[in-house]
Amino acid sequence: MADTVGERLVAARRASGRTLVEIEAATRIRVKMLQALEKGEYDRLPNPAYVRGYIISVSKFLEVDPGPLLAAYASETGFQTNRELLRAPTPVVPTRERQHAIPVRTALLIAGAIATVVLAIWLIGRIAGGREELPPIPNVPESSQTIEPTITPGAVGTETVTTGSGAVADTTTQEPAAGEPFTLTIAIDAQGASWLRVTVDGLKAYEGTLAGGQTKQWEVTDTATVRVGKPSAVTIERDGQELEIPPAAETPVLTITSTDPAPTL
């Protein structure tokens, strides 16, 4: 039974009757890279994130589950992704509005106290004047309190507002779903070169010319923008899956966000 990543890929390829040339045509991974992957010669391959993309692309072409192969690769190399570290922690401290919100019972007591003070002042004035008849006692609102909704990420919250007239209004709020951080990889064809400008999460991460065979990688939390000088020499991947560079008359611009659906091979 095949144990290493390379042995499993060779067994799957032979079982499907595919050749390395066919895999290269379908995945755009060069034959020499496929050979190094099957032989387990990781020193001939790019950085681990790029190799994970190779494994996913080849596995899907051969119609095998990439999960066990990625686990075997991590076991062989000790490479683990740190994407979970990039997830924003769920807030556990109440918001300032909730911290300073007045409870309903307290609001009722305050309203009653204010009404009592107003009535006492009016009675004192009436006794001192001795002329006017007592007017009806003003209605005291039972409650006039807005209850702040509790909203969890991605859930629908309900806000209930009770007015002085007793009318109740319900509103719902929807918090936008947070996107998943991703790995952006840019590789240059061995025989080419291209000028690039890369912006990651609003900050310029790189601007310059990459020579043939060079690769750069960034971890993106929200949005990445890539300007490409020579699209024919550039390969852009998100989490190991190749993205299409849009055609343009001058310099193409590719914008990738964490909320975009992941591309399929």
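Nothing in this text is a laboratory measurement; each read-out follows from the coordinates by a stated rule. From a predicted model like this one, the values you see are computed outputs, not experimental measurements. Note that each Cβ is placed from the backbone with ideal geometry, even for glycine, and that neighbours are counted across all protein chains shown.
For the pairs LYS60/LYS204; LYS39/LYS230; LYS60/LYS216; LYS32/LYS204, note any where the Cα-Cα span goes beyond 29 Å. Result: LYS60/LYS204; LYS39/LYS230; LYS32/LYS204 exceed 29 Å. According to the Kirkwood relation over distinct C-alpha pairs, the hydrodynamic radius of segment 1-56 is 11.4 Å. Segment LYS216..GLU180, full-extension length gain: 10.9 nm, with 0.36 nm per residue of separation and the alpha-carbon distance subtracted.
What's the extension gain from TRP122 to GLU250 if we count 0.36 nm per residue and subtract their Cα-Cα distance? Before the final figure, lay out each step's value.
Working: separation 128, 0.36 × 128 = 46.08 nm, distance 7.99 nm.
Additional length available on full extension: 38.1 nm.
Just round it to a whole percent: the fraction of Cα-Cα distances in segment 203-248 exceeding 15 Å.
On the way: 500 of 1035 pairs.
Here the tail beyond 15 Å accounts for 48 percent of pairs.
How much length is gained if the chain between ARG197 and GLU41 is pulled fully straight, taking 0.36 nm per residue apart and subtracting their Cα-Cα distance, in nm to one decimal?
Extending this stretch completely gives an extra 53.0 nm.
Along the Cα→Cβ direction, 7 angstrom out, place labels at SER232 and PHE79. What is the inter-label distance in nm? Spacing of the two 7 Å Cα→Cβ label points: 3.0 nm. Label-to-label distance for LYS32 and TYR206 is 2.0 nm, based on points extended 7 Å past Cα in the beta-carbon direction.
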